[in-house]
1. Do you know which residues across the stretch 317-351 are β-branched (Val, Ile, Thr) and open to solvent by 30 Å² or more (accessible area, probe 1.4 Å)?
2. Six or more apart or on different chains, Cβ atoms under 9 Å: show the pairs whose first residue is in the stretch 237-257 and under 15 Å from residue 281 (Cβ atoms) and among the aliphatic types (A, V, I, L, M) and whose second is open to solvent by less than 10 Å² (accessible area, probe 1.4 Å) and not in a helix (DSSP H, G or I).
3. Going by the structure shown, is residue 104 modelled with pLDDT of 95 or more, buried (at least 20 other Cβ atoms within 10 Å of the Cβ) and within 23 Å of residue 307 (Cα to Cα)?
4. State whether the residues of the stretch 111-130 include one that is without any contact (Cβ under 8 Å) to a residue 40 or more places away in the chain and surrounded by fewer than 24 Cβ atoms within 10 Å (Cβ to Cβ).
5. When only residues in the stretch 394-419 that are of a type in the set (D, E, K, R) and part of a loop (DSSP other than H, G, I, E, B) count, which is modelled with the highest pLDDT?
6. Within the group 130, 83, 158, which residue is at pLDDT below 95, within 23 Å of residue 14 (Cα to Cα), of a type outside the set (Asp, Glu) and touching a helix residue (DSSP H, G or I) at 6+ places or on another chain (Cβ under 7 Å)?
7. Taking the condition of a type in the set (Phe, Trp, Tyr) and in contact (Cβ under 8 Å) with a residue 24 or more places away in the chain, does residue 71 pass?
8. Quick one: what pairs do we get from the stretch 179-194, first residue open to solvent by less than 40 Å² (accessible area, probe 1.4 Å), second part of a loop (DSSP other than H, G, I, E, B) and of a type in the set (Gly, Ala, Ser), C-beta under 7 Å, 6+ apart or different chains?
Amino acid sequence: MEIALMDNLWVMVGTVLVFLMLGGFILLEAGSTRMKNAGHIAGKTIFTAGIGAVVFWAVGYGLIYGSDGAFIGWGSFFYGDASFSGEGLAPGVDIMFQMVFALVALTIAFGGFAERAKLSAYVVFAVLFSVFVYPVVAHWIWGGGWLAGHGKQDFAGSTVVHLTGAMAALAATIILKPRIGKFNKDGSSNEIAGHNQVFTALGVLLLWVGWFGFNGGSTFGVADAFFGFVSLNTMLGAAAGAIAAMFVAWAVSGKADVPSMLNGALAGLVAITAPAGFVEPWAAVVIGLVGGIIVVFSMKAFDKAKIDDPIFALSVHGTVGVWGTLANGLFAVPAFSSEIDWGKPGLFYGGGFEQLGVQALGVAASGLYAFVVSFIILKGMDMVMGGLRVSEEEEIIGLDLSEHGGYGYPENIPHPNDKKGA
């Protein structure tokens, strides 16, 4: 009984840490974009988290963990089980932990909306993504769906959370099109710098701390202290990603680019999320290093493809999410995979290409589903709502004023209605 209570306490601590990651996303997105949109970014993140939480409680959890089905779960809607048997996780703790993961995926998806979408677009998509996109992928892998039956490994969500959110963000960036001034007529791009690099760095640090709950909490217990091992892998992956991205950017541009380094740390975290409980520490370093290298070139590739990704969600969470998931098929060790009945060892541990193939199948199926369904939803919303994007004038003056009637920095940016000299 005491061990069960400690398990529940640990998972609830992990829940709080993961929820704190939304604060990291606020600072990261606000700092990486322009001052005129900062208040909007902060407010919509809190508002849509509220929407996502209610929808997850009402239907999302039931679609993931309801009665088993190959495609979707069914049952446990409007969840309200207050019982606790004295073993395992209490129902309330379980749904809370799963809920904050869904909110992170939703927040990642909104990276593709940044600086140009109407607030109403966030509201509607928050509901539809939380019903038709995230629960389906989560059920396939975590809820006993068809990918789980194949042994798909995703310890804490490189695919379920990060790739799913990134594919929704990709659909949004395509439909919303680039921000005004991002690309020139000849196809060249202009850097639209964020307004506060310190905010961005602090956001990354908060996300890094929250990730110990994200990965460490996914052990669901304290008895064997395995969460310490998972947390070590998490730390090493992030550290290696930051180092690799900084040196790659330095070598390519001749400057030690701080935003690239910050995205490298996040890339390391995303990369190690799927393998955190399946690999040894040396492999965590390698996985993070590769993630940090990949993210730098991925950001440049999306820019050349004329895809405007203001906070680099597609590269950090999408491209690197794919790498992190595939890494299981290379580095998963028998003691952390086959012996706990979650897939098989990776290629480098005698498992052959079987687990790598399963991981690739999971990436392809999940990514394609998340993109196609998100694109259909957003395209339908675009037609029904008379467009998802604010007008050119509203985008120029900023979403703080056009959507909310005030600025996030009211003392720094004069209101157009203020009297001169007042």
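The values are calculated or read from the model by the stated rules, or taken from the named source; none is laboratory data. Nothing here was measured: the structure is a model prediction, and the numbers come from that model. Positions of Cβ are backbone-derived with ideal geometry, glycine not excepted, and every protein chain shown enters the neighbour counts. Accessible surface is based on the protein model in full, side chains and every heavy atom, while ligands, DNA and RNA are left aside. Shrake-Rupley method; radii C 1.70, N 1.55, O 1.52, S 1.80 Å.
1. Once the filter is applied, which keeps residues that are β-branched (Val, Ile, Thr) and open to solvent by 30 Å² or more (accessible area, probe 1.4 Å), the stretch 317-351 yields 319, 322, 340.
2. Filtered contacts from the stretch 237-257: no entries.
3. Yes: the conditions hold for residue 104.
4. No - not one qualifying residue is present in the stretch 111-130.
5. Among residues in the stretch 394-419 that are of a type in the set (D, E, K, R) and part of a loop (DSSP other than H, G, I, E, B), the one modelled with the highest pLDDT is 411.
6. 83
7. yes
8. 192/181
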